[in-house]
Amino acid sequence: MDITVALGGGGAKGNSHIGVLRRLEKEGYKIRSIAGTSFGGLVAILYASGRTPDEIQEIFSTTDQANLYGRDPKDGGSLLGLFGVRKLLDSVLGDKTFDDVRMPCAVTAVDAKTGNEVIISEGFLRDGVLATIALPGIFPTHRLNDWELMDGGVLNPVPVSVARILSPDLPIVAVVLNDPLDNPVRTYSIPVPAMFPKPIVDRISRMHIAQAFDIFMRAVDLSSRAVAHYRLEADAPDVIVRPNVHDIDLLSKVIVEDVAMLGEQALEAVLPELKRVTSWPARLNKKMFGTKK
């Protein structure tokens, strides 16, 4: 059965997208288009460029997570840089463009100058990644054309609306990594790359700036949850997949295979609903009456 997929953002949590895609393939679903935001945008672009879920997992598993966020002169005002990420993208994407992908693909970003959402579906794939992952204040914005682009999750944490543009007539599977609104608010620590010695990390965690960062990130978390909740209500994907990744921090050093497995488990949990909405009676009913029942 043909479907389209929308992958939400969530930093290291996004490794669970690998498992969702892998399980969809195992169940016989054909992903005909894919949209993503933030880490979900990275996975979407790699998948659309021809990488299998297993290959994506191998790329992430063999990447030195401690050296991804070094700074270079290209990085503007931000807590961390993307020097290592750029090197990784040069290696796995090179000069590929959206014209080279095997299926319709788009990622979202936000123009910091105008506040408008920008849907990126042309140009170099690496530009799309660098724009959609530019978490405000954490990573540098990405300049493209006349835009100053930051993480698309600011306005559209799970790009269901974009997936619908790509494939208007297909059922949409949305992978949501934001906590539900009723989950307790957690504490946050400044994301310090693993290359720093533990004494330095401990000292940073005791500074006033670390306490301020915690409060700021809690506010961002609550706002992101609310935006995701109301966007999902309005955009109405056919199936929502929620991997159990709520204890994973933005830049946690994770075992990629374990997080990917959480995605497989989450997809398995919604298989009955997925099979129902992709059945021919449900699709016919939706086409005729605009409902999922």
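The values are calculated or read from the model by the stated rules, or taken from the named source; none is laboratory data. Computed from a predicted structure; not experimentally measured. For neighbour counting, all protein chains shown are included, and Cβ atoms are generated from backbone atoms with ideal geometry for every residue, glycine included. Note: areas computed on protein heavy atoms with side chains; ligands, DNA, RNA excluded. Shrake-Rupley method; radii C 1.70, N 1.55, O 1.52, S 1.80 Å.
Miscellaneous remarks
- Rounded if a/c under 1.5, otherwise prolate or oblate - the range 57-191, Cα gyration tensor axes: rounded
- Under 5 Å, built H, 5+ apart or other chain: amide partners of residue 76: 141
- Links that overshoot a 30 Å alpha carbon limit, given the list 13/275; 13/286; 74/113; 96/253; 30/74; 26/74: 13/286; 30/74; 26/74
- Taking every protein chain into account, the 1.4 Å probe leaves residue 96 with about 80 Å² of accessible area, to the nearest ten.
- Here the Karplus curve 6.51 cos²θ - 1.76 cosθ + 1.60, taken at θ = phi - 60°, turns the phi angles of the range 226-231 into couplings of 5, 4, 4, 4, 6, 5 Hz, with x standing for Gly and Pro.
- The chain - mean residue ellipticity at 222 nm from DSSP helices (-39,500 (n - 2.57) per run, n ≥ 4, rounded to 500): -12500 deg cm²/dmol
- Accessible surface ranking that places the most exposed of 250, 82 first, with a 1.4 angstrom probe: 250, 82
- Probe 1.4 Å - accessible area at residue 86, Å² to nearest ten: 50 Å²
- Measure of compaction for the chain (Cα Rg per 2.2 N^0.38 Å): 0.97
- Overall, the accessible surface of the chain at a probe of 1.4 angstrom is composed of carbon and sulfur to the extent of 55 percent.
- In the chain, taking the dipole from charged Cβ atoms about the Cα centre, the farthest positive-side position among 35, 56, 251 is held by 35.
- Helix 256-269 and the longest principal axis of the Cα set of the chain meet at an angle near 30°.
- When 179, 169 are compared by accessible area at a 1.4 angstrom probe, the order from most to least is 169, 179.
- Charge sum, other residues only, whose C-beta stays under 12 Å from residue 70's C-beta, Lys/Arg counted +1 and Asp/Glu -1: +1
- Relative intensity of the range 21-94 on a log10 scale, I(q)/I(0) at q = 0.28 Å⁻¹, equals -1.39, per a Debye sum over C-alpha point scatterers of equal strength in the absence of solvent.
- Probe 1.4 Å - accessible area at residue 119, Å² to nearest ten: 80 Å²
- Sorted largest first by accessible area at a 1.4 angstrom probe radius, with every protein chain in place, the residues 147, 280 fall in the order 280, 147.
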